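Asks: Mind having a look at this structure? Questions to follow.
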Amino acid sequence: MNLTMNPDDQAYRAKFLNWLSENIPAEGTSAEAKISGDWCAQAEIFRKFQRKLFDAGYAGIHWSKEYGGQSGTLMQHIIVTEELSTNYPWKMFDGLSVGLVAPTLLSRGTEEQKKEFIPKILSGEHIWCQGFSEPNAGSDLANLSTSAVRIGERYVVNGQKVWTSIGHLADFCILVVRTDPTVGKHKGLSYLLVDMKSPGVTVRPIKQITGEAEYNEIFFDDVEVPFDRLVGKENEGWLIAITTLMFERIMNEISIVPKLQQTLDRLIDLTSNTTRYGQAMIKDPVYRQKIALLQVELEVMRLNQYRNLATLLKGEMPGPEGSIGKIFWSELNQRMQETAMEIMGPYSQLLKGSKYAEDNGKWAFDFLRARGNTIEGGTTEIQKNIIGERVLGLPKDTVRRN
Amino acid sequence: MDFTLTSEQEMLKNSARKFLNNNFTSDYVRKMWENSQGYEPEMWAQIAELGWMGLTIPEEYGGLGLTFRDLGLILHEMGRVVMPGPFFSTVVLATELIKTAGSEEQKANYLERIASGKLIATVALYEEGVEWGAEGIKLTSTRKGDNYSLLGKKLFVPDAYSADLIIVAVRTENQVEAGEGISLFLVDPQTEGVEIELLPTMDQGRKLCAVSFLNAIFSSTEVLGEVGKGWSAIETMLIRANIGLSLEMLGGGEKVLEIATEYAKIRIQFGQPIGSYQAIKHKCAEMLLQVESSRSIAEYAAWTVDGNPQEVSKAASIAKTYVGNMYRKAAAATLQILGGIGFSWEHDIHLYYKRALASEAMFGDTVFHLELLASRWERKL
Ligand SMILES: Cc1cc2nc3c(=O)[nH]c(=O)nc-3n(C[C@H](O)[C@H](O)[C@H](O)COP(=O)(O)OP(=O)(O)OC[C@H]3O[C@@H](n4cnc5c(N)ncnc54)[C@H](O)[C@@H]3O)c2cc1C
């Protein structure tokens, strides 16, 4: 859908696309890259590319120059994010750092923290991970038990985090810890910035449904964290954690819409190129309807996103409505992937490496990966609780109320 | 496009909500269900007084010359009260068709009367064995000199029972492409050989009729625009009708969600408000997701009518599909949340549920619109 964009923004997009065509890294082929398990190599490609973006003035465009940004507009940031999502074929490792960490620091961090960390996020020097979930604290995040005890000018951290995406590649971690076990569970939490190279940090990759390891478990064994790495006040970490989660739900949508459009375009190709009962499946009324409905939903999601962005462009903070987008995209991606599986029939199960596999197993990989979408970043059930309670004002259940 | 409203639009919306809440109470709506005309002339005159009849009619024909998005705000509010009566038929269907197809003289004549509330009008398209496209227009005409004799029957004609004017799509030429040879006859329902039958449908807020032509005679001057050139104007009208209907359905969905949420907060079972149970809470959350998403597409679609005509037909089909599905599901979910009272005639939810069902089957159902979209996207390859 073409919403009217002003000529300056159009010119900016053209300029960026031109820059991009000359600076997209040449390593590997995109098909390989997208399903490659070689995360370390991808991270290196990313760091180099991010540095180029930074030097060319395309990183942190809407953030202040003081923190390494460009003091440009949010619209310019959106344009660059959309175009990277469409045209950069490798994995980006800035979803957490640029998407969650930097906005959290900008709104809640100290001046020193902003100056120290944001420029390094923008230049690709630091990759970040999010140490929230624990074995006994998933949806019930505030139940976490990793502890931090303050001794002089530092905290000493002990405990375990789990499902930490890109923990094995990250330089830093946003870590939610318990600093006061004697008070109610939301009240005794604090929010720390932890150097992953600190002594006592052990990262173990966890193999996941796709066969590769994107997430990890992290053990903290007397890990020392300087006091000035505390964000907000001690024991007020819950507020900071919620801020991070709100950004997670809103900002990631910018890159997700173009990705879903690519998936849908591939799906239309797939349906056109697959024959069954002597005709292309795109001619089959059942599949025509299914695919048209997916496109309907994607167009609707795109408009939802424009509405959200309009709110952000006015400078308002993201609110609980962000949960709408999270549910929408995660379920839509699953429906697209499921449709692709139906169309491929027995070929759907073939993995990378089989000469019979469609798109070298990318569909199979993405199908499996999509199952995580309705779990990561807060499950669909939790998002529905948030909408029900914080948007519609319905009462909490008795257990959580007490 | 800007999703936020201007202060004039805010005012229009607020005054519409106030007027409709005051006048179209549940009691009044139910009274109109029982009234075969579906409206009362005094109320119609009041609405005309507000200028709503001529909202999108150009000022030169006595209207306000506002945009379709402005009209959409009012349709949205009308959906919230499941407004009965021939407003939609007159102001969206007939007005858009006359605006697009009418000669200068016809526009001056009919649009002025519509704007001032003196003419109730509707459009008759579909026939037995409903086909949504031009192939469905089969009503035959036999030419005798300057006159045409019409034979056949139109079905599902909204508000024909109360209309002073029915614009009827007639096949005046055979052996041509389906979209050609269709003429729009300006039919006075009192004409000899025209019979109107009120259909006993679920939603008596929007009366549907069968209109039969038993060799009724019309002169060639009683044709809107040019003979044989009616279809493209119908297409334009249908696009706008689908968008208008989407806004009305959005209003209905929004209201239904409010009914569900309010009830979920106050109804106590097992010592707790039922809204604290996730089976109920999550239904409400899913409704909010779909209502808000419907708002995005319906408001965007309304804007495209004047703001981006290249996108308008696509936006109309997307809106009709998405919002139509939302409304029917939301009304059903709310009925479930209400329990026994939701199944009663006394509670208003059935008015919404029935309107949702009727709307989804108007101007092309979901299967039809998805096929339109599929062929559009297939061509892109
Ligand atoms: C691919 C992936 C990447 C991830 N990356 C990270 C990361 O980088 N950092 C990080 O901290 N975490 C990460 N996670 C963890 C993720 O945030 C949690 O898995 C998620 O919050 C759910 O927690 P859980 O796994 O403990 O499941 P549980 O909380 O035990 O939930 C199990 C089931 O119970 C349901 N449930 C739980 N409570 C309720 C309730 N009150 N009402 C209704 N239903 C309920 C859930 O919806 C779910 O269906 C990642 C997860 C995945 C899958």
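Asks: Over chain A, what percent of the accessible surface lies on carbon and sulfur atoms, probe 1.4 Å? List each step's numbers first, then the result.
Replies: Numbers: 9140 of 17260 Å².
With neighbouring chains kept in place, the figure for chain A is 53 percent.
Asks: OK, next. Taking 0.36 nm per residue of separation and subtracting the Cα-Cα distance, what length does fully extending A:Glu66 through A:Cys40 add?
Replies: Full-extension gain reported as 6.3 nm.
Asks: From the cross-link list A:Lys326/B:Lys329; A:Lys187/B:Lys255; B:Lys18/B:Lys118, which pairs have alpha carbons spaced over 32 Å apart? Write out the running numbers ahead of the final one.
Replies: Values: A:Lys326/B:Lys329 21 Å; A:Lys187/B:Lys255 38 Å; B:Lys18/B:Lys118 24 Å.
Checking Cα-Cα distances, A:Lys187/B:Lys255 exceed 32 Å.
Asks: In deg cm²/dmol and to the nearest 500, what is the mean residue ellipticity at 222 nm of chain A if only DSSP H runs of at least 4 residues count, each as -39500 (n - 2.57), divided by the residue total? Mind dumping the intermediate values first?
Replies: Working: 13 runs with 181 residues, N = 402.
Result for chain A, helices only: -14500 deg cm²/dmol.
Asks: Mind jotting down the distance between the C-alpha centroids of the stretch B:275-352 and the stretch A:64-121, whole Å?
Replies: About 36 Å separates the Cα centre of the stretch A:64-121 from the one of the stretch B:275-352.
Asks: With only alpha-carbon atoms in the gyration tensor, what are the semi-axes of the equivalent ellipsoid for the stretch B:175-300, in Å, largest first? Walk me through the numbers on the way to the answer.
Replies: Values: eigenvalues 446, 79, 20 Å².
Equivalent ellipsoid of the stretch B:175-300: 47, 20, 10 Å, largest first.
Asks: Moving on to the next point. A:Lys48: which lysines have alpha carbons under 26 Å from its alpha carbon, excluding same-chain residues fewer than 8 sequence positions away?
Replies: Correct list for A:Lys48: A:Lys15, A:Lys34, A:Lys65, A:Lys91, A:Lys114, A:Lys115, A:Lys120, A:Lys197, A:Lys259, A:Lys362.
Asks: Could you state the principal axis extents of the C-alpha atoms in the stretch B:174-236, from the largest down, to the nearest angstrom?
Replies: That gives 36, 28, 21 Å along the principal axes, largest extent first.
Asks: Right, something else. Apply the a/c threshold of 1.5 to the C-alpha gyration tensor of the stretch B:123-228 and tell me whether it is rounded, prolate or oblate. If you can, show how the numbers build up before the last one.
Replies: Values: a/c = 2.04, a/b = 1.37, b/c = 1.49.
In terms of gyration-tensor shape, oblate.
Asks: Given the options B:Val81, B:Tyr322, B:Gln106, identify the residue whose Cα lies farthest towards the positive end of the charge dipole of the protein assembly as shown (+1 on Cβ of Lys, Arg; -1 on Cβ of Asp, Glu).
Replies: B:Tyr322
Asks: How big is the protein assembly as shown in terms of Cα radius of gyration and Dmax, in angstroms?
Replies: Cα-based Rg and Dmax for the protein assembly as shown come out at 30.1, 106 Å.
Asks: Also, quick follow-up: Accessible area per residue, 1.4 Å probe, Å², for the protein assembly as shown: what's the number?
Replies: Working: 32350 Å² over 783 residues.
Ligands and nucleic acids excluded, the figure is 41 Å² per residue.
Asks: Using all C-alpha to C-alpha distances in the stretch A:246-402, build P(r) with 10 Å bins and read off the rounded percent in each one.
Replies: Taking every Cα pair in the stretch A:246-402, the percentages come to 10, 33, 30, 18, 8, 1, 0.
Asks: Please report the buried accessible area for the interface of A with B, total over both chains, probe 1.4 Å, in Å² to the nearest 100. Spell out each step's value before the answer.
Replies: Details: alone 19160 and 16920 Å², together 32350 Å².
Heavy-atom accessible area buried at this interface is about 3700 Å².
Asks: Oh, and also: ³J(HN,Hα) across the stretch B:254-259 via Karplus (A = 6.51, B = -1.76, C = 1.60, θ = phi - 60°), whole Hz, x for Gly/Pro?
Replies: 4, 5, 4, 4, 5, 4
Asks: Tell me, what % of the accessible area of chain B is carbon and sulfur with a 1.4 angstrom probe? Write down the numbers at each step before the final one.
Replies: Details: 7740 of 15080 Å².
Its accessible area is 51 percent carbon and sulfur atoms.
Asks: Using the charge dipole of the protein assembly as shown (Lys, Arg: +1 at Cβ; Asp, Glu: -1 at Cβ; taken about the Cα centre), state which of A:Ile79, B:Met32, B:Gly63 has its Cα farthest towards the positive end.
Replies: Toward the positive end, the furthest listed residue is A:Ile79.
Asks: Relative contact order (percent) for chain B, with alpha-carbon contacts under 8 angstrom and 6 or more residues of separation?
Replies: Rounded, it is 16 percent for chain B.
Asks: Once the other residues with Cβ under 14 Å from the Cβ of B:Val312 are scored (Lys, Arg +1; Asp, Glu -1), what is the net sum? It would help to have the intermediate numbers written out before the result.
Replies: Values: positive: B:Arg69, B:Arg240, B:Lys314, B:Lys320, B:Arg376; negative: A:Glu299, B:Glu96, B:Glu235, B:Glu299, B:Asp306, B:Glu311.
Result for the local shell: -1.
Asks: Over the stretch A:130-235, what is the mean sequence separation of C-alpha contacts under 8 Å (at least six apart), divided by residue count, expressed as relative contact order in percent? List each step's numbers first, then the result.
Replies: Details: 251 pairs, mean separation 32.4, N = 106.
Result for the stretch A:130-235 is 31 percent.
Asks: If you don't mind, another one. Relative contact order for the stretch B:123-228 using alpha-carbon pairs under 8 Å, separation at least 6, rounded to a whole percent? Could you put the intermediate results ahead of the total?
Replies: Values: 245 pairs, mean separation 33.0, N = 106.
Here the relative contact order equals 31 percent.
Asks: Kindly provide the pair-distance distribution of chain B built from C-alpha pairs, with 20 Å bins from 0 and whole-percent values in order of increasing distance.
Replies: That works out to 28, 58, 13, 1, in percent per bin.
Asks: Sticking with this one: What are the semi-axes of the equivalent ellipsoid for the stretch B:204-262, taken as the square roots of 5 times the Cα gyration tensor eigenvalues, largest first, in whole Å?
Replies: 37, 17, 6
Asks: Do any residues of the stretch A:319-348 lose at least 50 Å² of accessible area when the full set of protein chains is present rather than just their chain alone, and if so which, with a 1.4 Å probe?
Replies: A:Ile324
Asks: Let me spell out the model: positive unit charges on the Cβ of Lys and Arg, negative unit charges on the Cβ of Asp and Glu, origin at the Cα centre of the protein assembly as shown. What dipole size does that give, in debye rounded to 20? Please list the in-between numbers first.
Replies: Values: 82 positive and 99 negative charges, 354 e Å.
For this selection, approximately 1700 debye.
Asks: A further question follows. I'd like the Karplus ³J(HN,Hα) series for the stretch B:190-197: coefficients 6.51, -1.76, 1.60, θ = phi - 60°, whole numbers in Hz, and an x wherever there's a Gly or Pro.
Replies: 3J(HN,Hα) across the stretch B:190-197, in whole Hz: 7, 4, 5, x, 10, 10, 10, 10.
Asks: While we're looking at this one, here's another question. DSSP beta bridges in the protein assembly as shown, what fraction antiparallel, as a percent rounded to 5? Don't skip to the answer; put the middle values down first.
Replies: Numbers: 62 of 73 bridges.
About 85 percent, rounded to the nearest 5.
Asks: Residue by residue through the stretch A:60-68, which ³J(HN,Hα) values in whole Hz follow from phi under the Karplus form 6.51 cos²θ - 1.76 cosθ + 1.60 (θ = phi - 60°), with glycine and proline marked x?
Replies: x, 4, 8, 9, 4, 4, 3, 9, x
Asks: Would you mind checking the tilt of helix A:237-251 against the longest principal axis of the Cα atoms of chain A, expressed as 0 to 90 degrees and rounded to 10?
Replies: With both axes taken from Cα atoms, the answer is about 20 degrees.
Asks: List for the stretch B:301-330: residues with 10 Å² or greater reduction in accessible area, all protein chains versus chain alone, probe 1.4 Å?
Replies: B:Trp303, B:Asn308, B:Glu311, B:Lys314, B:Ile318, B:Thr321, B:Tyr322
Asks: Give the peptides A:359-370, B:214-225, B:41-52 in descending order of average Cβ contacts within 10 Å, highest first. Let's see the in-between values first.
Replies: Numbers: A:359-370: 19.7, B:214-225: 16.5, B:41-52: 14.9.
Put in order of decreasing packing, that is A:359-370, B:214-225, B:41-52.
Asks: Just to compare against my own numbers: the Cα pair-distance distribution for the stretch B:7-119, 5 Å bins, whole % per bin, please.
Replies: Going from the shortest bin to the longest, the percentages are 2, 12, 23, 24, 19, 12, 6, 2, 0.
Asks: Compute and list, largest first, the equivalent-ellipsoid semi-axes of the stretch B:232-380 from the alpha carbon gyration tensor, each √(5λ) rounded to a whole angstrom. Intermediate values should be presented prior to the final figure.
Replies: Working: eigenvalues 223, 43, 30 Å².
Semi-axes, largest first: 33, 15, 12 Å.
Asks: Just going by the charge dipole of the stretch A:7-126, with Lys and Arg at +1 and Asp and Glu at -1 on Cβ, which of A:Leu53, A:Ala26, A:Ser64 is farthest out on the positive end?
Replies: Going by the Cα projections, it comes out as A:Ser64.
The values are calculated or read from the model by the stated rules, or taken from the named source; none is laboratory data. For clarity, every value in this text was computed on a predicted model and none was experimentally measured. Cβ sites come from the backbone with ideal geometry, for glycine too, and all protein chains shown count toward neighbours. Accessible surface areas use protein heavy atoms only, side chains included; no ligands, DNA or RNA. Shrake-Rupley method; radii C 1.70, N 1.55, O 1.52, S 1.80 Å.
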